[in-house]
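Here's the structure we're looking at; comments come further down.
The values are calculated or read from the model by the stated rules, or taken from the named source; none is laboratory data. A quick note: this is a predicted structure, and the numbers were derived from the prediction, not measured. Here the Cβ positions follow ideal geometry from the backbone for every residue, glycine too, while neighbour counts run over all protein chains shown. Accessible surface areas use protein heavy atoms only, side chains included; no ligands, DNA or RNA. Shrake-Rupley method; radii C 1.70, N 1.55, O 1.52, S 1.80 Å.
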Amino acid sequence: MLTVGLWIATPASAATNLVPNPGFETLGANGIPSCWERVGFGNNTFTFGPTTDARSGSRAMRIAISQRVDGNHKALMVKNAQCAPKVTVGRQYDLSVWYKSTTSANAMTLYRHDTKLGWQYWIDPATLPASGTWQFKTVRTPLVPPNTDQVTWGVSIYSTGTLTTDDYAMTEVPLPPPTPAGCTDASGCVKGKWQVMPYQSTVRGIHAVVLDNGKVLLVAGSGNDPKQFAAGTFKTAVYDPVTGVFTNVPTPDDLFCAGHVQLSDGKVLVMGGNKAYPTPDGTGYKGLRNSYIFDPAKNTYTRINDMEKGHWYPSATLLGNGDVISLGGQGEDAKGTVVTEYYSAAQQKWLPPNQVKQNYAWWGFYPTMVLMQDGRLFYTGSHTFGKGRAGTGASIYDIGTGSVTDVPGLRKKDERDQSMSVLLPPAQDQKVFTVGGGNGDSGATAHRLTDIIDLKAANPTYQPGPDLPQGTLSGGVPQTGDQGKMYVSLVLLPDGKIFETGGGLHNRADPVYEASIYNPATNTFSGAAIDPVPRTYHSSAFLLPDGRVMAVGDNPANGSFDMRISIYSPAYLFKGARPQISSVANTNWTYGSTQRITVDSTITRASLIRPAAVTHSSDPNQRFVELPMTVKGNEIDLNVTSNPNVAPPGWYMLFVHNGQGVPSVAKWVKLG
C-alpha cells in the first residue's frame with residue numbers, strides 16, 4: 001500500500017532572504033530606502049516615507065492616507081534587474097512582513113516579470129487586518145508561472161489610515177519529496193478516459209446546475225418538443241452522480257430555454273422560459289415573465305414575482321452583493337427584450353424597472369455577461385443565434401450608469417453564435433477566454449478561433465489565442481482548413497486548466513469529435529480523450545465535486561434527443577494518490593479572512609470553484625478563485641479574497657492539489 005507522508009517546510013529563518021534592504025536601513029539619494037520605491041495611484045492625500053517607529057533597526061516604512069476618493073499606495077521593491085528578487089519557474093516562495101495599521105484595508109500585492117510581456121500584476125495573496133501592535137504575516141505564492149524570471153511585492157493601503165511595515169522576507173520553499181505517483185492507466189494518464197453510463201437520463205437535460213449537495217439539477221421543461229408543450233408536460237429531475245438515482249421534480253411552467261443562477265444561499269433562481277412555440281403565421285417563440293426559486297433541500301419550485309418583461313434565452317449574472325442581473329432574450333411579443341431586470345437578494349424579488357438603471361439595449365440571446373472585479377459587466381461577444389451586437393461585438397457595461405464601452409479585437413465578431421467564454425483561472429487575473437462559434441442564421445461553418453482579453457489592462461483588447469485543435473466528423477472524416485466548433489463546452493478544472501469538449505460544425509448538425517485541455521499558464525492546447533456521444537445543440541458539460549466532468553444532451557435538427565450520460569475522468573485521476581482535505585475548520589467563510597484546513601500530504605495549490613449553472617454554451621458565473629496559502633506542516637491557512645466581485649457570495653467547491661496536479665475531492669464551503 002502506498003503511503004503519502006507529510007512534508008513540513010524548513011522554517012523561513014533558515015533560508016536565504018531574497019528581499020534587498022528588507023528593513024529599509026540603507027537610504028538612497030532621494031531619501032527613500034534603496035531598492036524600494038513609492039507606488040500608487042488615485043485621487044487621495046497621503047504621506048509616504050521612512051519612519052523611526054521600527055520593529056527592528058532604526059527604520060520602517062510608513063504610508064498615511066488622510067483623504068481618499070479612490071486608488072491605493074504601497075512600498076514596493078524596485079522593478080529592475082538589481083532589486084527585484086529572481087525566481088525559478090515552477091517553484092514557490094514564502095513571503096513575510098511585519099506590519100501595524102489603523103485600517104483593515106491592507107493587502108500584500110505581488111507582481112511578476114514575464115520575459116515576453118514585461119511586468120504584470122500577479123495576485124494579492126493576502127489581506128492584513130488592523131493592528132495597533134506589530135503583527136507578522138506570511139503567505140506562500142502559487143507556483144511561479146512559465147516565462148517568469150523576477151517578482152516584486154509590497155503591502156498596499158487602500159483607505160484612510162496609516163500603514164507601517166518592516167522586516168520583509170522572501171524565501172524559496174524547499175522542494176518536497178517527489179509526490180508519490182505512478183500511471184495507473186497508460187492512456188488515461190495522458191488523455192483521461194470517458195465512461196458512457198449504463199443508464200440514461202430521465203429528462204432532456206437542456207439546463208444543468210450542480211447543487212451544493214453534490215447532485216445535479218437537470219431542467220427540460222417541454223424539452224424543445226411542441227407536443228410536450230401542448231400537453232402541459234414539463235420535466236425536471238435531480239440526478240445523484242454517486243448513486244445514479246434520478247428524482248423527478250414537479251415543474252410548474254415551461255422552463256425550456258430559461259435563465260438560471262445559483263443564489264448565495266444555494267437555491268437556484270430560474271427566470272423566464274417558453275410561453276409559446278412558433279406559430280404558422282411566422283410569430284416566433286414567446287418568452288415567459290414567470291420566475292421561480294428551486295430549493296435543493298426540498299426539491300421544489302416556489303414562484304416569486306414576475307419580471308417586468310418576458311425572457312426566452314436571457315442571461316443571468318450574480319453580482320458581488322448577491323443580487324442578479326438579467327439581460328436579453330425574447331419577450332412575450334416574440335421580439336427582443338430591452339429591459340434590464342434586477343433581482344434583489346435582500347428583498348427576494350425582481351425590482352420594478354424604475355428602480356433599475358436602464359440602458360434599453362438589446363443584448364441578444366444568452367449574452368455572456370461576466371462580472372468584473374470592479375463591479376462592471378463584460379459582454380464577451382458569446383451569444384446564441386445570428387450576428388453579434390453592432391460595433392466591435394464585445395463591450396463593458398457599467399450597470400451603475402448604464403454606459404456601454406466597446407472593446408476591440410474580437411475576431412469574426414458576427415460568427416460567435418454559440419461560442420463559449422470563461423473567466424480563466426485564477427479569477428484574480430481577470431482574463432477571459434472566448435472559443436469558437438459560427439452563425440446559425442446564415443449557416444456559417446464554425447471556426448477555430450480563440451481570443452483572450454485582459455480586463456485589468458488600461459485599454460482592454462482581445463488578443464488572438466491558439467487555434468482550437470481539430471478533430472473528426474461523422475465517419476472519421478478529418479476536419480480541414482479553418483473548420484472548428486460552435487456549441488462548444490468549456491469546463492474549469494481543479495488543476496487550473498480548461499477542458500474543452502463537444503460541439504459541431506453547425507449548431508444542430510455535423511458533430512465534431514474532439515476534446516482538448518487548455519493550459520492558461522502556457523497558452524497551449526493538448527489532446528484529451530473524446531466523448532463517444534455527439535454533443536451539439538442543447539448539450540452541456542460541467543465539473544462534478546469529485547473532479548470528474550459530466551456531459552449530457554444532444555438535440556439534432558430532426559427533433560430527437562440523446563439521453564446518454566458521459567463521465568470524463570481527466571488525466572490527473574490516473575497519476576497516483578489523491579491528496580485529501582482531512583478537515584475544514586469552518587465552512588462559513590467571510591471575505592478577507594484566513595481559513596484553516598488540514599491535509600494529509602503535500603499540496604501546492606488551493607482554489608474555490610463555483611459550481612456550474614450551464615445551458616447553451618453559457619455559464620457566465622463559472623470561476624476559479626485562487627486561495628494563497630500559509631503552510632504550517634499539514635495545517636494550511638487559506639487567504640480569502642476581500643473582493644466579492646472576484647468571488648460572488650455562495651457555495652463553492654474547495655479543492656487542493658499536489659505537485660502532480662492531482663486534486664482532492666472537493667469540500668463545500670459557503671462564502672459571504
When segment 226-237 is checked residue by residue, the ones that are part of a helix (DSSP H, G or I) and crowded, with 19+ Cβ neighbours inside 10 Å are PHE229
List every residue pair whose Cβ atoms lie under 6 Å apart, where the two residues are 6 or more positions apart in sequence or sit on different chains, the first residue falls within segment 82-100 and is open to solvent by 30 Å² or more (accessible area, probe 1.4 Å), and the second residue, located anywhere, is charged (D, E, K, R) and in a loop (DSSP other than H, G, I, E, B). TRP98/ARG55
Of all residues making up segment 425-453, the number that are open to solvent by 40 Å² or more (accessible area, probe 1.4 Å) and part of a strand (DSSP E or B): 1
Closer than 22 Å to LEU492 by Cβ and surrounded by fewer than 17 Cβ atoms within 10 Å (Cβ to Cβ) - does that describe any residue in segment 557-576? no
With criteria (1) part of a loop (DSSP other than H, G, I, E, B); (2) more than 27 Å from ARG623 (Cα to Cα), GLY205 comes up short on (2)
Please verify whether segment 368-381 includes one or more residues that are within 23 Å of GLY484 (Cβ to Cβ), free of Cβ contacts under 8 Å to residues at least 60 places away in the same chain and assigned to a strand (DSSP E or B). yes
Scan segment 462-485 for residues that are without any contact (Cβ under 8 Å) to a residue 40 or more places away in the chain and assigned to a loop (DSSP other than H, G, I, E, B) and jot them down. ASP467, VAL477, GLN479, THR480, GLY481, ASP482
Got at least one residue in segment 622-640 being modelled with pLDDT under 95, out of contact with any strand residue (DSSP E or B) (no Cβ under 6 Å at 6 or more places or on another chain) and of a type outside the set (A, V, I, L, M)? yes
Would you pick out the residues in segment 617-672 that are assigned to a strand (DSSP E or B), without any contact (Cβ under 8 Å) to a residue 60 or more places away in the chain and open to solvent by less than 30 Å² (accessible area, probe 1.4 Å)? ILE636, ASP637, LEU638, TYR652
Would you call LEU27 open to solvent by 40 Å² or more (accessible area, probe 1.4 Å) and over 34 Å from the mean Cα position of the chain (by Cα)? yes
Counting only residues that are modelled with pLDDT of 95 or more and closer than 19 Å to ASP546 by Cβ, segment 157-190 contains a total of 0
Among the residues of segment 33-54, are any closer than 30 Å to PRO174 by Cα, open to solvent by 70 Å² or more (accessible area, probe 1.4 Å) and at pLDDT 90 or above? no
Residues being assigned to a strand (DSSP E or B) and in contact (Cβ under 8 Å) with a residue 40 or more places away in the chain - total across segment 45-65: 7
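So, in segment 401-425, exactly how many residues are closer than 18 Å to ILE452 by Cβ and touching a Gly at 6+ places or on another chain (Cβ under 8 Å)?
10
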Scope segment 286-320; condition farther than 15 Å from LEU351 by Cα, part of a loop (DSSP other than H, G, I, E, B) and open to solvent by 50 Å² or more (accessible area, probe 1.4 Å); matching residues: ALA297, LYS298
Looking at the structure I just gave you, is VAL407 open to solvent by less than 10 Å² (accessible area, probe 1.4 Å), of a type in the set (Val, Ile, Thr), farther than 30 Å from THR141 by Cβ and free of Cβ contacts under 8 Å to residues at least 60 places away in the same chain? yes
Can you confirm whether segment 105-122 contains a residue that is of a type in the set (Asp, Glu) and open to solvent by less than 40 Å² (accessible area, probe 1.4 Å)? yes
Just need a number here: residues in segment 400-442 that are touching a strand residue (DSSP E or B) at 6+ places or on another chain (Cβ under 7 Å) and either among the aromatic types (Phe, Trp, Tyr) or farther than 14 Å from SER618 by Cβ (or both). 21
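Which one of PRO464, PRO511, PRO520, PRO534 is at pLDDT 95 or above, open to solvent by 30 Å² or more (accessible area, probe 1.4 Å) and more than 19 Å from the chain's Cα centre (by Cα)? Write out each step before concluding.
Details: PRO511 fails: open to solvent by 30 Å² or more (accessible area, probe 1.4 Å); PRO520 fails: more than 19 Å from the chain's Cα centre (by Cα); PRO534 fails: open to solvent by 30 Å² or more (accessible area, probe 1.4 Å).
None of the other options fit; the residue is PRO464.
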From GLY214, GLY244, GLY223, residue being part of a loop (DSSP other than H, G, I, E, B) and either of a type in the set (D, E, K, R) or closer than 27 Å to ALA346 by Cα (or both): GLY214
Pick from segment 410-423 the residues that are open to solvent by less than 10 Å² (accessible area, probe 1.4 Å) and not in a strand (DSSP E or B): which of them is farthest from THR501 (Cα to Cα)? ARG416
Segment 338-365, residues that are assigned to a loop (DSSP other than H, G, I, E, B), closer than 18 Å to SER291 by Cβ and open to solvent by 10 Å² or more (accessible area, probe 1.4 Å): VAL339, ALA345, ALA346, GLN347, GLN348, LEU351, PRO352, VAL356
Give the number of residues within segment 509-552 that are part of a loop (DSSP other than H, G, I, E, B), over 30 Å from HIS113 (Cβ atoms) and hydroxyl-bearing (Ser, Thr, Tyr). 3
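Do we find a residue being surrounded by 15 or more Cβ atoms within 10 Å (Cβ to Cβ) and within 29 Å of TYR518 (Cα to Cα) anywhere in segment 238-251?
Checked segment 238-251: at least one residue is surrounded by 15 or more Cβ atoms within 10 Å (Cβ to Cβ) and within 29 Å of TYR518 (Cα to Cα).
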Tell me, yes or no, whether segment 184-196 has at least one residue that is open to solvent by less than 60 Å² (accessible area, probe 1.4 Å), over 28 Å from the mean Cα position of the chain (by Cα) and touching a residue at least 60 places away in the same chain (Cβ under 8 Å). yes
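Regarding segment 553-561, can at least one residue be identified that is small (Gly, Ala, Ser), assigned to a strand (DSSP E or B) and either modelled with pLDDT of 95 or more or more than 29 Å from GLN580 (Cβ to Cβ) (or both)?
no
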So in segment 66-76, with the set limited to residues that are outside any loop (DSSP other than H, G, I, E, B) and farther than 16 Å from TYR99 by Cα, which one is most open to solvent (accessible area, probe 1.4 Å)? GLN67
Taking into account only those residues within segment 467-493 that are charged (D, E, K, R) and surrounded by fewer than 20 Cβ atoms within 10 Å (Cβ to Cβ), which is nearest to the chain's Cα centre (by Cα)? ASP467
If SER264 satisfies all but one of (1) open to solvent by 40 Å² or more (accessible area, probe 1.4 Å); (2) among the polar types (S, T, N, Q); (3) assigned to a loop (DSSP other than H, G, I, E, B), what's the number of the condition it fails? (1)
